[in-house]
Amino acid sequence: MTDVFQLIEKLWYLRRDIISDGYDQALSRLAEEVPMVIHRIPSGTECWTWIVPEKWTVHEARLETLDGEVLIDTANHPLHVVSYSLPFEGVVCREELFQHLHVHKTDPHAIPYVFKYYDRDWGLCCSRELRDSLQDKNYRVVIRTTFEPGELKVGEVFVQGESEQTVVVAAHLCHPAQVNDDLTGTLVAIKLFQELLQKKDLYYSYRLLILPETIGSIAYLSQNEDQIPSMIGGLFLEMLGSDSGFALQQSLLTDSRFDRCITSAFGGAAPEGYTAGYRSVICNDERQFNSPGVRIPMLSLSRVEPPGSPTRPYPEYHSSMDNPSIVSFERLEQSLDLVRSLLQVWENDRYAVNHYKGEVFCSRYGIWPDYRTNPEGHRSFFAIMERIDGGRTLSDIAIELGIPYQAVESITEMLAEKNLVSYSRTAQSSDPHTG
Ligand SMILES: [Zn+2]
């Protein structure tokens, strides 16, 4: 993780619009970090109900007084123009200008990040402070942008495990001149995959997809439909570098094995974090993975302010204030640690098979938790022990008892040490009434 801030310095300010030179530059730089296949999907390609848009380039975008005083200029900040703005040059009255001049909802000093990929309009962005100071009757607008056929690019990193069953990790890279959303998710994912690539004993396979938001997921999935059946779970990553607490958003398929496992693991790995339902924290590419005809249970991990906060997800969201000063090395490191531990639980989560019948005679094995000194431990030991039957995974037991995965694992590990329990990838029911 030590070099992560060098990468942030290099990549954050690039004009990384969905199909653009800046995006391509950022992806190529990331491809130096990990073995990456870059998929190219040309503009105009039909991807299910979507069509890949054209490449967009800004040459210059300015707002001037009629005397030629420059008020807004993309040379000073890339966010001063709406992403995918149409070209426009002319003199407009103040009222018309204001219909095309966007400001941030909460921060009067921030330039907002605004994108209009599909509703074809021109637009500039500035701070509310600046907009409020505009008193002239007319202004000159110069927006020189071009649209041309290009290629949407998706970076794929694949790590082969013993099983073909694949966990897909997704992050987007298409937010120009911003860091927490979206560079931090991408960088944590890259670091995670550098580690996964070193591992020799992975059971599951892992696929990282770095893409432009929404259209990138649609494009990749529609062009690689044969991979969808083996993708059994997913995790979307973003907003992982700021001070807010962790939020885990469940998938649409809350009963999936992946949801159950990751949710119960999150309870133990980030006890101060919170878990919430699908689409209730943030909406991103996980929507496409969970969608009809795809149905990959993809959860989402981010750091956001608690529900009810007026600046949720965080104050600098989608603005020029989302710069390197709001992310810290420690937060990124914590985020990587959390993602790593969630996936480690997914690797470990198996059926716990009992080598005993009846309750274990704990005193004989020296594992009896004394209810007089440790009533809670005593209760949960027996609650876990009596559910180990070869038909439940560790996360099944955790969910059933409403306790973290890690609490269950500490007991099964103790029993495994005494050869009273073993683990299996498949159900091995010891109930004489089944099978
Ligand atoms: Zn965003």
Practice problem: Set the Förster radius R0 to 22 Å, insert the Cβ-Cβ distance between GLN6 and ASN323 as r into 1/(1 + (r/R0)^6), and round the FRET efficiency to 0.05. | Solution: 0.90
Quiz item: For TRP48, TRP122, what's the fewest-to-most ordering of other Cβ within 10 Å of each Cβ?
Solution: TRP48, TRP122
Exercise. Apply the Karplus parameterisation 6.51 cos²θ - 1.76 cosθ + 1.60, with θ equal to phi minus 60°, to every residue of region 297-303 and state each ³J(HN,Hα) to the nearest whole Hz, in sequence, with x for glycine and proline.
Key: x, 10, 8, 9, 10, 8, 10
Practice problem: Largest first and to the nearest Å, give the Cα extent of the chain along each principal axis. | Solution: 93, 46, 37
Quiz item: Which value results when the Cα radius of gyration for region 329-435 is divided by 2.2 N^0.38 Å?
Solution: 1.19
Exercise. Add +1 for every Lys or Arg and -1 for every Asp or Glu among the other residues with Cβ under 11 Å from the Cβ of GLN25, and state the total.
Key: +3
Quiz item: Amide H neighbours of LEU86 under 5 Å, counting only residues 5+ apart in sequence or on other chains, H built in-plane at 1.01 Å?
Solution: ASP121, TRP122, GLY123
Quiz prompt | Reachable aspartates and glutamates, given that their alpha-carbon falls under 17 Å from the alpha-carbon of LYS200 and they are not under 8 places away in the same chain | solution = GLU162, GLU164, GLU347
Practice problem: Taking a cut-off of 18 Å between Cα atoms, list the lysines near LYS116, but don't count ones fewer than 8 places away on the same chain. | Solution: LYS55, LYS105
Quiz item: Going through region 179-214, which trypsin sites (Lys or Arg not before Pro) have at most 15 other Cβ atoms within 10 Å and a DSSP loop state?
Solution: LYS199, LYS200
Quiz item: region 1-109: which trypsin sites (Lys or Arg not before Pro) are DSSP loop and have at most 13 other beta-carbon atoms within 10 angstrom?
Solution: LYS105
Quiz item: In region 239-322, which GluC sites (Glu not before Pro) are in a loop and have at most 12 other Cβ atoms within 10 Å, using DSSP for the loop call?
Solution: GLU272
Practice problem: List the residues whose amide H sits under 5 Å from the amide H of GLN428, counting only those 5 or more places along or on another chain, with H placed 1.01 Å from N in the peptide plane. | Solution: GLY391
Quiz item: Residue by residue through region 197-211, which ³J(HN,Hα) values in whole Hz follow from phi under the Karplus form 6.51 cos²θ - 1.76 cosθ + 1.60 (θ = phi - 60°), with glycine and proline marked x?
Solution: 5, 7, 7, 9, 10, 6, 7, 8, 8, 9, 10, 9, 10, 9, 8
Quiz item: If all Cα-Cα distances of region 55-148 are sorted into 5 Å bins from 0 onward, what percent lands in each bin, rounded to whole numbers?
Solution: 3, 15, 27, 27, 18, 8, 2, 0
Quiz item: Tell me, what HN-Hα J-couplings in whole Hz come from the Karplus equation 6.51 cos²θ - 1.76 cosθ + 1.60 at θ = phi - 60° for each residue of region 278-283, using x for Gly and Pro?
Solution: 4, 6, 9, 9, 7, 10
Self-check item: Label-point gap, in nm, between HIS77 and TRP48 - each point 7 angstrom along Cα→Cβ
Solution: 3.5 nm
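Any read-out appearing in this document is the output of simple, stated calculations on the displayed coordinates, not a laboratory observation. From a predicted model like this one, the values you see are computed outputs, not experimental measurements. As a convention, Cβ positions derive from the backbone with ideal geometry for all residues, glycine included, and neighbour counts pool all protein chains shown.
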